[in-house]
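Colleague: Pasting a structure here, questions to come.
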């Protein structure tokens, strides 16, 4: 580890949450924090309350939006709506991932 890196850095003062979040987001997804946050922060608005009650976003990259459904039946429904959901994400964020991936994770 280079001097000044890692835990306990003394050369860095407090940072705004938005600056820190943007750095984290750039590390895990190529979208800006605004686009990334819009998917997570506006999920219910994007997909509707019924779907949002059973399906949540897990990860997003340019290639894929990964969502978790709480039951296999909801996973099937989301897969059938894949193109529509990606279009809705694109409308809400200005950019849509190329594909939708669905996993089942009971709550």
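Colleague: Among the strands (runs of 3 or more DSSP E) confined wholly to the range 16-107, which include 2 or more residues that are at pLDDT below 95 and surrounded by 12 or more Cβ atoms within 10 Å (Cβ to Cβ)?
Modeller: Numbers: elements: 55-60, 64-69, 99-104.
So the answer is 55-60, 64-69.
Colleague: Give all pairs with beta carbons closer than 6 Å in which a residue from the range 47-74 that is free of Cβ contacts under 8 Å to residues at least 12 places away in the same chain meets a residue that is surrounded by 14 or more Cβ atoms within 10 Å (Cβ to Cβ); count only pairs at least 6 apart in sequence or on separate chains.
Modeller: What qualifies is 52/43.
The values are calculated or read from the model by the stated rules, or taken from the named source; none is laboratory data. Please read all numbers here as calculations on a predicted model, not as lab measurements. Cβ: placed from backbone, ideal geometry, glycine included. Neighbour counts: every protein chain shown.
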